[in-house]
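Structure first, then comments.
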Amino acid sequence: MNQANSSSSSSSPEPVGAGESLKRSVSMGSRTVSSRLIGALFLLGFLSYGVGNALVASVTGASGFLSTISAHQTTLVLGAFLMLLNSVAVVGIGVLFFPILENYGKRTALAYLAARIVEAVLLAVGVLCLLMIPFLAQHAGDAGQASAAWAKALGSLAVQANTIAYQIAEMSLGLGGIFLCSLLYRTRLVPRWLAGWGVIGYAILMAGFIAEIFGIHIGLLFSIPGGLFELALGIWLLIKGFQPEAYGQDSRDRKEGHP
């Protein structure tokens, strides 16, 4: 009987150890899933908006595009849908980043989330302006030649509205990105060279689109460093992920050899 009690007593710590191991596994799995989701959303947004914008530009960039919109309506709508998909990815990035950044600075976390939401809304408004073009073209055709002039003007206005919305959205992205990368640099959640690249890239991007607002057309050129950073960050998060501190991992885990 004593031997049985002794055996039972000696085995009692095992479930505790198993529970700790399970917690660590869940924590590691959470870090991996979140980092990969954020990385995937960066790449998805970059790809979807790039392809969507190229499709839209192939239609609206032609001279007198309003008169031929019926033949290219599918291309325009598909491009607009891909651009809207980017807005979903942008919000997703802000939401997934929030609990990570909140551990180190709630104001920074809120600022980045707000900047991403503003960016997503402005981009979506611009796309909705583009989706008005087929209706303008149809109405102009039904109304006859007398309506062609104002329909063409409204079509051009819709394209310009999308351009302005994009420029302001990128300014919001640049500002929010500076907050994000400054925090990443201080906390070493990603390598400092990568976070530093982001601070510089986003600052250049924001300056470029501010210049665009004032008629100095350097936005595309100045967006290259920031765009390449987002690609690099997306790939890094897919492969490496964040450091354990991003999810409040106890320092004792690192001493014990747990990642």
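Only the coordinates and a few stated rules stand behind these numbers; no lab work does. Nothing here was measured: the structure is a model prediction, and the numbers come from that model. Neighbour counts run over all protein chains shown; Cβ positions are idealised from the backbone, glycine included.
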List the residues whose amide H sits under 5 Å from the amide H of residue 62, counting only those 5 or more places along or on another chain, with H placed 1.01 Å from N in the peptide plane. none
Highest mean packing first, using Cβ neighbours within 10 angstrom, the peptides 213-221, 105-113, 69-77 sort as 105-113, 69-77, 213-221
Added length on full extension, which subtracts the Cα-Cα distance from 0.36 nm per residue, residue 62 to residue 110: 13.1 nm
May I ask you to compute the full-extension gain from residue 88 to residue 200, defined as 0.36 nm times their residue separation minus their alpha-carbon distance, rounded to one decimal in nm? 37.8 nm
Model label zone, residue 96; criterion: amide N under 13 Å from point 7 Å along Cα-to-beta-carbon; scope the stretch 212-245: 233-242
Would you kindly state how much longer the chain becomes between residue 47 and residue 220 on full extension, computed as 0.36 nm times their sequence separation minus their alpha carbon distance, in nm to one decimal? 60.7 nm
What's the ranking of 192-201, 169-178 by average number of surrounding C-beta atoms within 10 Å, highest first? 169-178, 192-201
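Using the Kirkwood radius over C-alpha pairs as Rh, can you work out the diffusion coefficient of the stretch 34-241 via Stokes-Einstein at 4 °C, viscosity 1.567 mPa s, in µm² per second?
Numbers: Rh = 17.9 Å.
Translational D for this selection: 72 µm²/s.
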